[in-house]
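The values are calculated or read from the model by the stated rules, or taken from the named source; none is laboratory data. The shown structure was predicted, so the numbers you read here are calculated from the model rather than taken from an experiment. All Cβ positions, even for glycine, are placed from backbone atoms using ideal geometry, and neighbour counts span all protein chains on display. Please note that ligands, DNA and RNA were not included when accessible areas were found on the heavy atoms of the full protein model with its side chains. Shrake-Rupley method; radii C 1.70, N 1.55, O 1.52, S 1.80 Å.
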Amino acid sequence: MKVQRKRTGTAAQRVLTAEIAVVGAVALALFVTELPSIMREMKIWRIAGGLRARHRYP
């Protein structure tokens, strides 16, 4: 007697899901490593005047 299994998706769908997970993890790791630089740039931008400095720095 054969036992019927539910198919959760084709092999291509599973590979695509795995690739999306890997790309997402790499993007998150890149963002986390760049976070200190982004914070430093935001501080410099605020010191320079932020949005109000448009007329001073064309």
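Looking only at region 6-21, decide whether some residue is assigned to a loop (DSSP other than H, G, I, E, B), modelled with pLDDT under 95, among the hydroxyl-bearing types (Ser, Thr, Tyr) and open to solvent by 90 Å² or more (accessible area, probe 1.4 Å). Yes, region 6-21 has at least one match. For the condition out of contact with any Ser or Thr (no Cβ under 6 Å at 6 or more places or on another chain), modelled with pLDDT of 85 or more and either assigned to a loop (DSSP other than H, G, I, E, B) or on the phi < 0 side of the Ramachandran plot (or both), ALA53 does not qualify.
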